[in-house]
Amino acid sequence: MSASATTPRGPVIAGWSAVSPYGIGRDAFVEGARSGRSTATVAEPGGEPVPDERVCLARDLVIKEVLGRKGTRSMDRVTGLAVATVRELVTGADGAAESGADVGLVLGTTTGSAQSMMDITRDTLIHEKPFYIDPSHIPNAIMNCPAGQCAIWYGLKGPNTTVAAGRSSGLIALNYARRLLASGRAMTVLCGAVEEYSPARAWLEWHTRGEDETGVVLGEGCAVLRLRPAEAVADGEGLAEVLAVESGVAGPDGAGPSLRSAVERALRRAGASREDVWAVSPSGPAGLLGEQERTALRAGFAGHEVRWIPQPDTIGDTAAATAAFQIVSVLTAAQDDDRAAGRLAVVTSVDRDGALACALLRLL
């Protein structure tokens, strides 16, 4: 069976949602992506100082207003983003929640909440005794807190996993979710990635940027996909089939050769060719790394007309959530392009720490 066949073989993306600087929910992201409007605003003074002049914030997410006051007193920003995004997926139009032992969750992150970690560390140093800290804040310093809270809030009793792979986290989460379905560990897996904006993250980014990464505007958000086995997806419900996910690390010659090799492996695994590819979505980090990614993809698809759908820089650098936002951007673009149905999209990601990944999707 060729990759362009109409019957899905692999797991299928059957829904998605996002909380981003465009707003809360899928519709808000689709409208913002179609308009191409920038969400960057001047960083407002107040609170802890930050090095950034402009930022892209999910301002519609005021946690206590969106999620209510119960259970949110000590909820940090990254957890609020994840819980609000998953809510949009698990609650159907009839108000019935999708939950239970057959529903798993895989969430990508950088470190969880760097702000929560630093706040607790600071409290142990400035208070009279190092243990004079608010115990309700301790769970926030654990990397898997957002995924755990999503499971608690919505009764997701299947496998609950947190993965950390920098900008590639969304693709690594997608691969983990694919394996959970293939092994029968779950019948539905929600997978995606989340990143917050905070003074702690802003300063960490500022101190670790290279000279070729100046001018980067930081953003925040969360995007989550609903993944199901092909046989469990009703006609017309599927958005894309996950044909392959490949990962690797940058070699001595940079990320380009390793990324090109990963893309070629994904195409071979799917029994597809470059002619089947409709669109390519690079992660596009600033500086040399982004140029290596673009060069590798241009060389790999030289002589073939493909549509370029870069990561949505209009919502800022969303770090660990970048690849997840690339996927939903591809799904959004496919809605408006008659050439997409039945063809393939290549989503790639490279990270300054050397991690890289690519996913091959067939649009339905």
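Here are a few things to note about the model shown:
- Annotation: per residue accessible area for the stretch 107-266 equals 44 Å², rounded to a whole number [probe 1.4 Å, protein chains only].
- Under 15 Å, Cβ to Cβ, from SER261 - net charge with Lys/Arg +1 and Asp/Glu -1: +1
- All other residues whose Cβ lies under 13 angstrom from that of GLY25 are scored, Lys and Arg at +1 and Asp and Glu at -1, for a net of -2.
- Considering the stretch 200-325 at the alpha-carbon level, its Rg and Dmax are found to be 16.8, 50 Å.
- Each listed q (0.14 Å⁻¹) maps to a log10 I(q)/I(0) for the stretch 79-228 from the Debye sum over equal C-alpha point scatterers, namely -0.73.
- Of all DSSP bridge pairs formed entirely within the chain, close to 65 percent run antiparallel.
- The heavy atoms of SER283 offer some 0 square angstrom of accessible surface to a 1.4 angstrom probe.
- In range of the label at ASP337: residues from the stretch 275-296 whose backbone nitrogen is under 14 Å from the point 7 Å along Cα→Cβ: 275-282
- Given charges at Cβ of Lys, Arg, Asp, Glu: the chain dipole, positive-most of GLY10, GLY71, SER113: GLY10
- Rolling a 1.4 Å probe over the protein chains gives MET117 an accessible area of about 60 Å².
- Applying the Kirkwood pairwise sum to the alpha-carbon positions of the stretch 181-240 produces a hydrodynamic radius of 15.0 angstrom.
- Close amide H partners of LEU218, meaning residues 5 or more places away or on another chain with modelled amide H under 5 Å apart, are CYS56, ASP317.
- Shape call, the stretch 20-84: gyration tensor on alpha carbons, a/c limit 1.5: oblate
- Rounded to the nearest 20, the Cβ-based charge dipole of the chain about its Cα centre (Lys and Arg +1, Asp and Glu -1) stands at 860 debye.
- Applied to the stretch 347-357, the Karplus parametrisation 6.51 cos²θ - 1.76 cosθ + 1.60 on θ = phi - 60° returns per-residue 3J(HN,Hα) values of 10, 10, 8, 9, 10, 4, 7, x, 6, 8, 7 Hz, with x for Gly and Pro.
- Protein accessible area in the chain, 1.4 Å probe - carbon and sulfur %: 52
- Cα gyration tensor shape for the stretch 48-144, rounded if a/c is under 1.5, else prolate or oblate: prolate
- Beta bridges per DSSP with both ends in the stretch 265-364, % antiparallel, nearest 5: 55
- For LYS157, a cut-off of 13 angstrom between C-alpha atoms picks up these aspartates and glutamates, skipping any fewer than 8 places away in its own chain: GLU98, ASP102.
The values are calculated or read from the model by the stated rules, or taken from the named source; none is laboratory data. Given the structure is predicted, the values throughout are model-derived calculations rather than measurements. Backbone-built Cβ (ideal geometry, glycine too); neighbour counts: all protein chains shown. Note: accessible area is taken over every heavy atom of the protein model, side chains too, but ligands, DNA and RNA are not part of it. Shrake-Rupley method; radii C 1.70, N 1.55, O 1.52, S 1.80 Å.
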